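Participant: Just passing along the structure, written as structure tokens.
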Amino acid sequence: MANPPQPSLGYSVTAVPSNPDSSTPQPEKNYVPPPTMLPGASRFPPPKLHQDQIPSPSFQNPRLLSPANGVKTGSPVPHLSTPPGPPVFTSPVRPAAVPFRTSPATPQPVAFSSGSTLPTSSPPHFSNGSIELQHQVPLATNDSTPFEESSCALFSARKVLKQKKLANVPSLGFGALFSPGGEISPGPQIIQRDPHRCHNCGAYANLYCKILLGSGQWQCVICQKLNGSEGEYVAPSKEELRNLPELSSPIIDYIQIGNKRPGFIPVSDSRMSAPTVLVIDECLDETHLQHLQSSLHAFVDSLPPTARIGIILYGRTVSVYDFSEELMASADVLPGDKSPTRESLKALIYGTGVYLSPMHASKEVAHKIFSSLRPFGLNIAESSRDRCLGTAVEVALAIIQGPSAEMSRGIIKRAGGNSRIIACAGGPNTYGPGSVPHSFSHPNYPHMEKTALKWMENLGREAHRHNTVVDILCAGTCPVRIPVLQPLAKASGGVLVLHDDFGEAFGVNLQRAASRASRFHGLLEIRCSDDILITQVVGPGEEAHVDTHETFKNNNALCIQMLSVEETQSFALSMETKEDIKSDCVFFQFAVRYANVYQADISRVVTVRLPTVDSVSAYLESVQDEVAAILMAKRTLLRAKNHSDVMDMRGTIDERIKDIALKFGSLVPKSKLHQFPKELSALSELLFHLRRGPLLGSIVGHEDERSVLRNLFLNASSDLSLRMVAPRCLMHREGGTFEELPAYDLAMQSDTAVVLDHGTDVFIWLGAELAADEGRSAAALAACRTLAEEITELRFPAPRILAFKEGSSQARYFVSRLIPAHKDPPYEQEARFPQLRSLTIEQRMKLKTSFIHFDDPSFCEWMRSLKVVPP
């Protein structure tokens, strides 16, 4: 029996990518010669749980900016032979909307106001047989232990209003973003034993618990009940207790290597590693196929030697490639017009073919298979070609499952981690199960589409039951009918991504899809103080069934079954207060449980304490603009299901601005206008970006593209969510440094280069004067491309990186994402874009004359049109 892996290995493993018809049910050999080239809900009534589909991990204090903010200074440049110096940031002119890192961030300490005084420690005192709680020892006091904001649990405010009426104003709202799979830096404390949990509500012991030193009993911060610790918390002083990780750190990972399933051992060797099956569209034209082949060859070269892959092609038939044939590309062929029969699958699985193979044994065979692919040979329009994607995914699932169980001396071995099916699609599913007619004008199209949607969703759920994630990477110019494919990816816990072609961005996403952390059987539990009510959840999960989690006497936790556990995800939680809060602080505890690739059971527990305040101004000062904007955006996008809804949602943002100004702003003297609260100035600008950007604005033309962006955003991690709401603007300076500026069109200065990161797209804009100087423009472009690659190195999906010069037709994509501040008077421009003061009068005039007039309002014009004075 193999020894279980060490916890240091089992806990966190993150792979970062380097740079003809056949109607017979029985498979036949087809040789192609290679070419020459919730339970109880007294605290939580059933919240609205929205699992609306995707697709780093963390972000730091939004008020801080550091050179490491998403940029690895000094790391090698992958694609440049003579790169400039590593990009660094100069101090920004003002706090810009760039609070997130693309790499894990160190949680930033947040000082609590010394609002409440907890009792001083003293020995336990017994009176009439009962313990007097006031003599318990608090391990963390408001003034002794600064609260560390968790990088995976981010709240829209660092304080909670005590008054229910003001706290529950819907236009501002209160809530949190939780990233269950986010990497933590520095890593969390690790404990290899069962946690101490409250016997009443199920909450975990934590650093905020009060503890009776003499008996070791601890008081739950959620329900206030006393619990025993089996003597583990008995100590002469509270300093001794701080040596216990769960009583000193807000984030704890409990790890259990021993598996409770009898006759079941963890296996992590190459034979049992979770496989990835590529399901490839064979109905591509020559140009698309050439790009796809290049991406596939690079993908195989990027895989580690122990990675197992399978290769399936689909058109009118399904071809399953056999790795046992080393001299030529060989495939077993199944019909695609119907689901595979048990007999045909049995003949395939129990035959002599090898359909899943580790890279160290089959890399050359894989290259031969990709080289043997041929373009579609018939003169049929792309959208009218028969593609049986549904059948191909069914076959891929059967290949991954193999025989029902591999028996070896009575021990069942399972592949570690989530298996993955990655579909490379160039057109719609128009043949076999789950398909729709070639033409929208088909008389029965609505009914057939509805049937296809249900079938695809059921297939996705079947994949999820077998711990298999289906990612669909679409590319090319042919519409792929997103509404039909989305349920398959969504229900399995995967993503659907659109690309312009099968080139660079597609290839990078192919590699990153396969290397994402494999964690499964995820269950998220959220517990709050009695005063707090969770009203809505948006994210990649669904309400857990009662029998999927333990039962305690009064377990009022909100339980969410996660479809997958990945770094690229987050849950948006909307909260309200039930009544006026009397206590000095409220508590929140998030517990996510999952199994990792080594079959170790991980329980990550994150406990957060927030102080409560009476002062509205103190509350507004504590509001985290970026987190609040993301929560508002996710609630808004959830309702924007079609173009009509999008128009309505723009109106709701306008109403939200007016209501915040009315409820929290001040009346301008001698006027009926309200001033927007100065504490929330960044929030108003973020909402303006949301209103006119790709999520709700008119930048995105095709409804399929908007649908993909919407589903990606609703499940996206906190940092990607922010970048999708508001772009980040970085101006290149001499020496390879970058200055962060507000995302205004005033940054388009003719002698500079600008990088604009908008989440799913990164733009590099070269001014005309700079472009005219060949040497300078080459250096600037190289530095900008280096920066773009580094700030998106860990992002999934990988964004398009587009570069263009001032005045080119493509530059409109860049201009449309910047606030047209050139329309404001000079004093407004300087107040919001102080970098202008460094320009000469001649440069200011040249900049002013370079803008083309159009009807879009500036931020200030928009605010004033709402009868609100800008902050």
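Participant: So who's got an amide H within less than 5 Å of the one on ILE191, skipping anything under 5 residues away but keeping other chains? H placed 1.01 Å off N, in plane.
Facilitator: ASP253, TYR254, ILE255
Participant: Could you give me the radius of gyration and the Dmax of segment 567-651, taking only the C-alpha atoms into account and expressing both in angstrom?
Facilitator: Radius of gyration, then largest Cα-Cα span, for segment 567-651: 18.0, 50 Å.
Participant: With θ set to phi - 60° and the Karplus curve 6.51 cos²θ - 1.76 cosθ + 1.60, what are the ³J(HN,Hα) couplings of segment 784-791 in order, to the nearest whole Hz, using x for Gly and Pro?
Facilitator: Values, residue by residue: 5, 5, 4, 4, 4, 5, 6, 6 Hz.
Participant: Could you work out how far apart the two model spin labels at SER384 and MET845 are, taking each label as a point 7 Å from the Cα in the direction of the beta carbon, and quote it in nm?
Facilitator: Going from the SER384 label point to the MET845 one covers 6.2 nm.
Participant: Using only alpha carbon pairs under 8 Å that are at least six residues apart, calculate the relative contact order of segment 632-869 and give it in whole percent.
Facilitator: Details: 312 pairs, mean separation 42.0, N = 238.
Contact order relative to length: 18 percent.
Participant: Thinking of segment 478-615 as a set of Cα atoms, what percent of all their pairs are more than 20 Å apart? All intermediate terms of the calculation are to be shown ahead of the outcome.
Facilitator: Values: 5649 of 9453 pairs.
Across segment 478-615, Cα pairs with separations above 20 Å total 60 percent.
Participant: At 1.4 Å probe radius, can you tell me the per residue accessible area of segment 632-869 in Å²? Numbers along the way, then the final one.
Facilitator: Numbers: 9300 Å² over 238 residues.
It amounts to 39 Å² per residue over segment 632-869.
Participant: Carbon and sulfur together cover what percent of the accessible area of segment 632-869 at a 1.4 Å probe radius?
Facilitator: Numbers: 5090 of 9300 Å².
Answer for segment 632-869: carbon and sulfur cover 55 percent of the accessible area.
Participant: Then there is this: In the neighborhood of LYS658, defined by Cβ-to-Cβ distances under 14 Å, what is the net charge if each Lys or Arg adds +1 and each Asp or Glu adds -1? Walk me through the numbers on the way to the answer.
Facilitator: Values: positive: ARG650, ARG656, LYS663, LYS672, ARG691, ARG864, LYS867; negative: ASP654, GLU655, ASP659.
Combined, the nearby Lys, Arg, Asp and Glu give +4.
Participant: Compute the FRET efficiency between GLU286 and ARG812 as 1/(1 + (r/R0)^6), taking r as their Cβ-Cβ distance and R0 = 41 Å, and round to the nearest 0.05. Walk me through the numbers on the way to the answer.
Facilitator: Working: r = 31 Å, r/R0 = 0.75.
Result of the calculation: an efficiency of 0.85.
Participant: Sticking with this one: Enter the Cα centre distance for the pair segment 680-724 and segment 488-531, rounded to the nearest angstrom.
Facilitator: With segment 680-724 and segment 488-531 each reduced to a Cα centre, they are spaced 18 Å.
Participant: Going by amide H atoms built from the backbone, whose H comes under 5 Å of the H on LYS210, apart from near neighbours?
Facilitator: Those qualifying (amide H under 5 Å, at least 5 residues apart or on another chain) are GLN219.
Participant: Continuing with the same structure: Using a Debye calculation, one point per C-alpha and no hydration shell, please list log10 I(q)/I(0) for segment 630-718 at q = 0.12 Å⁻¹ in order.
Facilitator: -0.42
Participant: Given the pairs LYS225/LYS663; LYS165/LYS672; LYS159/LYS210; LYS582/LYS663; LYS582/LYS672, which span a C-alpha to C-alpha distance of over 30 angstrom in this model?
Facilitator: Violating the 30 Å Cα-Cα cut-off are LYS225/LYS663; LYS582/LYS672.
Participant: 5 Å is the cut-off here: which amide hydrogens, built 1.01 Å from N in the peptide plane, fall below it relative to SER171, excluding neighbours closer than 5 in sequence?
Facilitator: Distant-sequence amide H within range of SER171: zero hits.
Participant: Another question, if that's okay. Separation between the HIS853 and LYS663 pseudo-spin-labels, each 7 Å from Cα along Cα→Cβ, expressed in nm?
Facilitator: Those two pseudo-labels are separated by 4.0 nm.
Participant: Any idea what the relative contact order of segment 273-432 is, in percent, if you count C-alpha pairs under 8 Å spaced at least 6 apart?
Facilitator: Rounded, it is 37 percent for segment 273-432.
Participant: How much net charge surrounds ALA771 when only other residues with a Cβ under 12 Å from its Cβ are counted (Lys, Arg +1; Asp, Glu -1)? Please list the in-between numbers first.
Facilitator: On the way: positive: ARG776, LYS805; negative: ASP751, GLU769, ASP773, GLU774, GLU806.
So the environment of ALA771 carries a net charge of -3.
Participant: Can you give me the three principal axis dimensions of segment 632-869 from its C-alpha atoms, in Å, biggest first?
Facilitator: That works out to 54, 44, 29 Å along the principal axes.
Participant: At 7 Å along Cα-to-Cβ for each site, give me the label-to-label distance between ASN458 and HIS521 in nm.
Facilitator: 2.8 nm
Participant: Another question, if that's okay. How high is the FRET efficiency from ARG193 to ARG465, r the C-beta distance, R0 41 Å, rounded to 0.05?
Facilitator: Details: r = 31 Å, r/R0 = 0.76.
The pair ARG193/ARG465 has a calculated efficiency of 0.85.
Participant: Further question on the same structure: First measure r as the distance between the Cβ atoms of SER237 and ARG374, then evaluate 1/(1 + (r/R0)^6) with R0 = 56 Å and state the FRET efficiency to the nearest 0.05.
Facilitator: Details: r = 76 Å, r/R0 = 1.36.
Calculated transfer efficiency: 0.15.
The values are calculated or read from the model by the stated rules, or taken from the named source; none is laboratory data. Note that the structure is predicted; figures quoted are calculated from it, not measured. Here Cβ is always computed from backbone atoms with ideal geometry, including for glycine, and neighbour counts include all displayed protein chains. Remember, those area values only see protein heavy atoms, side chains included, never the ligands or the DNA or RNA. Shrake-Rupley method; radii C 1.70, N 1.55, O 1.52, S 1.80 Å.
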